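The values are calculated or read from the model by the stated rules, or taken from the named source; none is laboratory data. The structure presented is a predicted model; accordingly, all values stated were derived computationally and were not measured. Methodologically, a virtual Cβ is constructed for each residue, glycine included, from the backbone with ideal geometry; neighbour enumeration extends over all protein chains shown.
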Amino acid sequence: MAAILLVASTAGAAVTFTGHTDAVLAAKVSPDGTKVLTGSADNTAKLWNASTGALIRTFTGHTYWVSAVDFNADGTKVLTGSDDGTAKLWNANTGGLDHTFSGHAYNVKSAVFSPDGTKVLTGSDDKTAKLWDASTGMVLKTFSGHTDSVNGVAFSPDGTKVLTGSADKTARLWNASTGAVLATFNGHDSYVRSVAFSPDGTKVLTGAADGTAKLWTASSGMLIRTFAGAAFQVYGVAFSSDGYRALSSLGDHTADLWNVSNGTLVQTLTGHTDQVNSVAFSKDGTQVLTGSGDHTAILQAIPVPRGAIVINGNSSATNSASATLSLTWSGGWGTGVTRMRLSDDGSTWTAWQTLAASLPHTLLPGDGYKTVRVQFLDQQNNYSAIYSDYIRLDTQAPTGSIIINAGAATTKTQAVTLGLAWNDGTGSGVSRVRFSDNGSTWTGWELPKATRAYTLPAGLGYHTVRAQYLDAAGNYSPVYSDYIKLVAP
């Protein structure tokens with residue numbers, strides 16, 4: 001397959017982060033996508049502007065290589081792990097040091113925040129992983145059992161489990177609270193250098209010095225498939241936030257992008273001149289960040305399929321289950337987006353079908369909010385995120401009433417006051433009302449008000465005023481009326 005060349009920073013192209021004086025060992029994109037964090041063998045970590053590549057600040061304090069970096073969930077804290085045997089917690093906005101996590105006997109090779117940011121997990125050459133309180137820097141638990149260095153660590157998405165990868169050629173899944181081993185992943189022929197959880201927590205990805213990345217079932221440790229693209233060590237692995245794609249970084253200066261569902265190699269990313277030590281996706285899955293022994297990191301946009309869906313021209317409600325979907329799409333590998341599928345519940349999908357900009361669709365029965373989802377597929381079988389729109393189905397007519405001059409029998413003036421009331425139950429809500437003196441000629445639709453000034457037709461005698469209500473879904477109420485006698489003053 002053709003490779004994508006990672007070029008110098010220009011609008012819409014790749015951004016290269018240059019400034020470290022030694023290998024970039026770790027790199028992450030901030031949760032909001034505006035910053036990049038790198039850790040280097042020059043003993044520093046650096047924070048960069050993701051759009052321009054400009055250096056924001058340098059974190060200094062470690063006395064040996066910074067081998068791991070991470071952001072907390074809101075991007076306000078930075079975590080660094082170092083071969084000096086410590087991890088450090090920093091204020092991302094000021095660069096101030098909050099805590100130093102000291103307790104490992106040897107190099108800290110990996111460090112991550114828990115999903116809620118309250119804990120920190122580290123892996124070390126001392127064959128253990130440690131769980132720390134992020135606010136105090138105190139050790140909460142030590143995970144012991146590996147027989148060689150713990151090179152990679154990860155939290156499950158719900159924070160209840162931790163994953164470790166070791167130079168003993170295995171990965172292990174642990175209960176974060178009790179420290180019990182839940183599963184062991186056996187199958188690599190050499191050091192496991194990196195690990196990752198799928199976004200839904202059901203799968204595990206491992207990368208090893210045997211040149212492979214492997215996908216496993218998290219609960220059982222069963223091997224699902226092996227990603228084997230080159231005869232070079234895999235240094236880092238990562239899942240996209242939608243779980244459809246995976247990355248592996250290689251010792252041959254490249255990174256591979258994989259289709260998780262079928263194990264095919266989507267693209268090989270090139271541009272570095274030394275081994276790629278780490279890989280990461282941006283949170284939205286549209287960019288890939290690589291850190292390399294060539295002293296640089298590169299943030300590269302990838303052409304993932306994108307799209308949108310709009311129901312009935314973006315109307316808020318409808319009184320008919322027969323709807324019209326408006327669909328748009330862009331991006332994707334190869335010749336771009338080629339297929340789409342639809343779902344009313346997020347679990348049952350139509351077959352992949354030909355693209356259509358406009359499509360009739362029948363909403364699920366029963367009044368209430370209805371959501372329709374769409375997903376796109378490109379020429380190389382890469383999935384888009386799931387896009388959705390919703391509309392309220394309301395087939396019930398509203399009810400109402402009208403009363404003239406609070407129920408008076410007569411009036412001496414044509415100017416009267418109408419008392420109005422309406423009800424749409426659990427429907428879409430009454431949005432308009434109109435009036436008539438004869439049942440055939442009506443005023444324009446107007447916003448309903450509890451009282452409304454009204455002028456009766458000229459002429460003494462009985463006059464009837466009619467009101468009809470309309471809800472947001474287009475349902476008309478019956479016609480309601482009241483009458484009053486216009487008498488001489």
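Computed quantities for the displayed model
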| read-out | value |
| --- | --- |
| Every residue from segment 388-412 that is touching a strand residue (DSSP E or B) at 6+ places or on another chain (Cβ under 8 Å) and more than 19 Å from SER481 (Cβ to Cβ) | SER388, ASP389, TYR390, ILE391, ARG392, LEU393, ASP394, LYS412 |
| Some residue of segment 451-472 being in contact (Cβ under 8 Å) with a residue 60 or more places away in the chain, assigned to a loop (DSSP other than H, G, I, E, B) and in contact with a strand residue (DSSP E or B) (Cβ under 9 Å, 6 or more places away or on another chain) | yes |
| Count of residues meeting criterion [small (Gly, Ala, Ser) and in a strand (DSSP E or B)] in segment 473-486 | 1 |
| Leading residue by the ranking (surrounded by the most Cβ atoms within 10 Å (Cβ to Cβ)) among those in segment 375-423 that are charged (D, E, K, R) and closer than 30 Å to LEU342 by Cβ | ASP394 |
| Residue tally, condition of a type in the set (D, E, K, R) and in a strand (DSSP E or B), over segment 74-90 | 2 |
| Wholly enclosed strands (runs of 3 or more DSSP E) of segment 388-449 bearing at least 1 residues more than 30 Å from ALA308 (Cα to Cα), among the aromatic types (Phe, Trp, Tyr) and not assigned by TED's automatic domain parsing to the domain that holds ASP345 | 415-423, 430-436 |
| Lone unmet requirement of (1) touching a residue at least 24 places away in the same chain (Cβ under 8 Å); (2) more than 30 Å from SER261 (Cα to Cα) for SER440 | (1) |
| Failed item, numbered, when THR136 is tested on (1) out of contact with any His (no Cβ under 9 Å at 6 or more places or on another chain); (2) of a type in the set (Val, Ile, Thr); (3) not in a strand (DSSP E or B) | (1) |
| Residue selected from segment 214-231 under the condition at pLDDT below 95 and within 14 Å of LEU247 (Cβ to Cβ), by the criterion nearest to the chain's Cα centre (by Cα) | PHE227 |
| Failed item in (1) under 27 Å from the mean Cα position of the chain (by Cα); (2) part of a strand (DSSP E or B), with ASN93 passing the rest | (2) |
| Residue match in segment 368-378 (condition: small (Gly, Ala, Ser) and either modelled with pLDDT of 95 or more or closer than 17 Å to LEU470 by Cα (or both)) | yes |
| Sole residue being farther than 26 Å from GLN300 by Cβ, surrounded by 21 or more Cβ atoms within 10 Å (Cβ to Cβ) and of a type in the set (A, V, I, L, M), chosen from LEU79, LEU121 | LEU121 |
| Looking only at segment 323-349, and only at residues there that are hydroxyl-bearing (Ser, Thr, Tyr) and loosely packed, with under 13 Cβ neighbours inside 10 Å, the one that is farthest from the chain's Cα centre (by Cα) | THR335 |
| Residue within segment 26-49 that is more than 18 Å from ASP84 (Cα to Cα), in a loop (DSSP other than H, G, I, E, B), hydrophobic (A, V, I, L, M, F, W, C) and under 27 Å from the mean Cα position of the chain (by Cα) present | no |
| Lone qualifier among LEU79, LEU89 - being farther than 20 Å from SER194 by Cβ and modelled with pLDDT of 95 or more | LEU89 |
| Listing of strands (runs of 3 or more DSSP E) fully contained in segment 274-343 that carry 1 or more residues being β-branched (Val, Ile, Thr), within 30 Å of ARG193 (Cβ to Cβ) and assigned by TED's automatic domain parsing to the domain that holds SER51 | 276-281, 287-292, 296-301 |
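To keep it simple, each residue is scored yes or no on (1) touching a Phe, Trp or Tyr at 6+ places or on another chain (Cβ under 8 Å); (2) surrounded by 14 or more Cβ atoms within 10 Å (Cβ to Cβ); (3) on the phi > 0 side of the Ramachandran plot.
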residue: THR178; (1), (2), (3): no, no, no
residue: SER198; (1), (2), (3): yes, yes, no
residue: GLY201; (1), (2), (3): no, yes, yes
residue: PHE227; (1), (2), (3): yes, yes, no
